[in-house]
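Asks: Here it is, the structure, as structure tokens.
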Amino acid sequence: MVSLPILALAVASFGIGTTEFVIMGLLPEVARDFDVTIPQAGHLVSGYALGVVVGAPLVAMATAPLPRKAALLALMAVFTLGNLACALASSYELLMAARVATAFAHGAFFGIGAIVARNLVPREKRTQAVSLMFAGLTLANVLGVPLGTALGQALGWRSTFWAVVGIGLAAGAAIALALPGGMPGTRGGLAREFRALGRWPVLRPMLVSTLSSVSFFTVFTYIAPFLLTVTHLTPGGVTGALFAAGVGLTVGNLAGGWLADRSLMRTVLGSFMGLIAVLVAFALVAPFAGPALAVLVLWSGLAFALVSPLQVWVLEAASDAPNLASTLNQGAFNLGNALGAWLGGTALTLGAGYSELPALAAAVSLLGLGLAATAVARPLRPSLAESQGR
């Protein structure tokens, strides 16, 4: 049974996930409204991701002394106000600025939330607790993104952001009511944590996190035009496909947490190997609606099976610097989001077709697999080797 505090964190992550991902389903509407190209509209994904990257260390330092509950509530306030600014933006530039401002709350929220979730359960269930918190993020893709896309297509993209403001208010109330107090922040330890982050065993899983996100967002940023032009779905069909992908994300996330509590590195390596195979298949079957939909669901599940294991890998490697490492790994994920959106957009600008993006993403996943494999070949921390199920 899911505890109420973790459920409250999941509600908040649902709101954050919705605002992060829903823009991908609205790229055609935003591009048309502001008279920009779809690749230019895709920079709104990159802008949000870079806001997480830049904001993560700054917000981590600002919120470190605060009790965990107070920090999470402050971050939800920033998130809600940022989405209000998105709904009111009168130009592409103002929308970009509002997206970046909203993103400042993202990394610190998931970083602090992951630590809180782990501390609420026994050690043998820690990855599952993190995956349950992230379940809100994946459910955002089941419900938030397709419904937000449909709402934006019917009533204009601004209506989607107004809906997210409401989710932010509900999430803040859930945290205020359900999360226990008495969880202190960090005092006087940030310098030590920054020094710990310079170690290769800590940096390596962060780099793997970045590569996993580059691979995913190279394709997923442009999934709406991909499905419209390559798979030839209708706008309603795109909404249905995003819903199916969200189911895959949710199941994959929960499965990844369960498997990683049994063998962390086998889960990471197996997910990467599956991703490579599935992305190659996606490139081949993309013009055929039925097979493409099946592969889309499987690809989404494998991609998000990596999220909580990679977060816990970082926390295990940085056991003496968990606060900053947990937050910065969210920056690493979102750096990958930005680079993936940029890589896909650059490929399209240079003349590649949407159907070629999965092969490009498969190459990035191969790099991630190779880097992760070096940790198994030569583990540098005994405690990490034990957590890998060796």
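Asks: If you go through segment 318-336 one residue at a time, do you hit one that is outside any helix (DSSP H, G or I) and under 30 Å from Leu227 (Cα atoms)?
Replies: Looking for residues that are outside any helix (DSSP H, G or I) and under 30 Å from Leu227 (Cα atoms), one finds none in segment 318-336, hence no.
Asks: Could you give every pair whose Cβ atoms fall below 9 Å, whose first residue belongs to segment 21-35 and is within 19 Å of Ala338 (Cα to Cα), and whose second residue is among the hydroxyl-bearing types (Ser, Thr, Tyr) and open to solvent by 10 Å² or more (accessible area, probe 1.4 Å), counting only separations of at least 6 or pairs across chains?
Replies: Gly25/Thr239; Val30/Tyr92; Ala31/Thr37
Asks: Oh, and also: So which residues in segment 19-63 are open to solvent by 20 Å² or more (accessible area, probe 1.4 Å) and either outside any helix (DSSP H, G or I) or among the charged types (D, E, K, R) (or both)?
Replies: Hits for segment 19-63 are Glu29, Arg32, Asp33, Asp35, Val36, Thr37.
Asks: If I ask for residues that are of a type outside the set (Val, Ile, Thr), in a loop (DSSP other than H, G, I, E, B) and out of contact with any Phe, Trp or Tyr (no Cβ under 9 Å at 6 or more places or on another chain), which ones from segment 191-243 would you list?
Replies: Scanning segment 191-243 gives Leu197, Gly198, Arg199, His232, Leu233.
Asks: If a residue counts only when it is over 23 Å from Ala41 (Cβ atoms), of a type in the set (Gly, Ala, Ser) and over 18 Å from the mean Cα position of the chain (by Cα), which helices (runs of 4 or more DSSP H) contained entirely in segment 103-189 have at least 1 such residues?
Replies: 157-178
Asks: Additional query: For segment 64-87, check the following and say yes or no: at least one residue is open to solvent by 40 Å² or more (accessible area, probe 1.4 Å), part of a helix (DSSP H, G or I) and modelled with pLDDT under 85.
Replies: The answer is no; no qualifying residue exists.
Asks: Among the candidates Ala255, Ala294, Ala281, Ala277, which residue alone is under 19 Å from the mean Cα position of the chain (by Cα), among the hydrophobic types (A, V, I, L, M, F, W, C), surrounded by fewer than 24 Cβ atoms within 10 Å (Cβ to Cβ) and assigned to a helix (DSSP H, G or I)?
Replies: Ala255
Asks: Does segment 90-111 contain at least one residue that is small (Gly, Ala, Ser), without any contact (Cβ under 8 Å) to a residue 40 or more places away in the chain and open to solvent by less than 40 Å² (accessible area, probe 1.4 Å)?
Replies: yes
Asks: Tell me, yes or no, whether segment 334-351 has at least one residue that is at pLDDT 95 or above and closer than 20 Å to Leu203 by Cβ.
Replies: Taking every residue of segment 334-351 in turn, none turns out to be at pLDDT 95 or above and closer than 20 Å to Leu203 by Cβ.
The values are calculated or read from the model by the stated rules, or taken from the named source; none is laboratory data. This one's a predicted model, so the numbers in the text were calculated from it and none came from an experiment. Note that we place each Cβ from the backbone using ideal geometry, even for glycine, and neighbour counts take in every protein chain shown. Each accessible area value is taken on the protein alone, full model and side chains, heavy atoms only, with ligands, DNA and RNA left out. Shrake-Rupley method; radii C 1.70, N 1.55, O 1.52, S 1.80 Å.
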